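Peer 1: Quick one: the structure is below, and I'll ask about it shortly.
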Amino acid sequence: MKTVGAGKKFETLHRLIQRINEIMNYSINVGYMDINKLNKVHMIFESQQAKHLLSIRPEELPEFMKALSKAQIKPCTKLLIEFQLLTLARPIEAVQVEWSEIDFVKRIWTVPEEKIKKNREHLVPLSQRAIDILLEMKKINGNRKYVFNSQVKKHLNKHMSSQTANVAIKRMGYSGKLVSHGLRSVASTYLNEQSFDKEIIEIALSHIDKNTVRRAYNRSLYLEQRTEMLNCWAEFVRFAKIGKVLQFNKQKSTNPKPTVNFTSNYSNTSNMSKISYSMNLTA
């Protein structure tokens, strides 16, 4: 372990410690020993420092959306980037979405457990703009397995590369400023600053819950609130596309888990719940 730790091979070290503890715990269970003296051995090793992915502030999104609209990249790539932005999906999850995973009636994208980090199914509510993107892609790739199918002739049975968005973002002039995974951070920052419930935001980001019972329960927990929250986020993105920064001043409530609703000017949103918001627009 010391050799692996000295080489800063953190993932290998983590797996090694995990396996050793499994052996030690098994030995206790069968009576070979009384205690696991290596239970906290990980504490003597240097831990891997978290890497902060490149991202931008929410108020910088209008400039980004303007650059996206003018970028000399394929229309499918533009739609991929916007879809990822709207759904808070990881890059690999966005390019792997299949038509069979989309429920247009319920407006839900079900990400299978084998495709998502930490291996558990994740439900993604789809805003009207996300639905519109899917309908646009259906005209292009409706007869393919993947929504964002590869446009390369020899790879027509595969999805786009998870690096497609990154390459496009660099070409847009955002090299060293933003990566595609950082689009999730833009949404997270905005929603947190608008005082949306942190637990609901974490569920929307599909962050792992270490409590296995609660994790199973949270698969569809707060689906209504997440739907409304992502509709609000979609509205922020819509205004960003026309150079505006939209602020939602959520009304205070004594309810610790308030349901957040928004009345939108967006087309085809009659099914959205309604309460009042005060809005501040800045150019």
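Peer 1: Could you tell me which of the residues Asn157, Asn192 is in a loop (DSSP other than H, G, I, E, B) and without any contact (Cβ under 8 Å) to a residue 24 or more places away in the chain?
Peer 2: Exactly one residue qualifies, and that residue is Asn157.
Peer 1: Another question, then. Which of the numbered conditions does Gly182 fail, given that it passes all the others? Conditions: (1) at pLDDT 95 or above; (2) over 19 Å from the mean Cα position of the chain (by Cα).
Peer 2: (2)
Peer 1: Separate question: Determine the pairs where a residue that is closer than 16 Å to Val111 by Cβ, located within segment 220-238, has a partner that is surrounded by fewer than 23 Cβ atoms within 10 Å (Cβ to Cβ) and at pLDDT 95 or above with Cβ atoms under 6 Å apart, the partner being 6 or more residues away or on another chain.
Peer 2: Correct list of pairs: Arg226/Pro125; Thr227/Pro125; Leu230/Pro125.
Peer 1: Right, something else. So, of the residues in segment 108-132 that are open to solvent by 50 Å² or more (accessible area, probe 1.4 Å) and of a type in the set (Lys, Arg), which turns out to be farthest from Leu86 (Cα to Cα)?
Peer 2: Lys118
The values are calculated or read from the model by the stated rules, or taken from the named source; none is laboratory data. As the structure is a computational prediction, the values presented were derived from the model and not from experiment. Positions of Cβ are generated from backbone atoms using ideal geometry, with glycine treated the same way; all protein chains shown enter the neighbour counts. Just the protein is used for accessible areas: all its heavy atoms, side chains included, with ligands, DNA and RNA removed. Shrake-Rupley method; radii C 1.70, N 1.55, O 1.52, S 1.80 Å.
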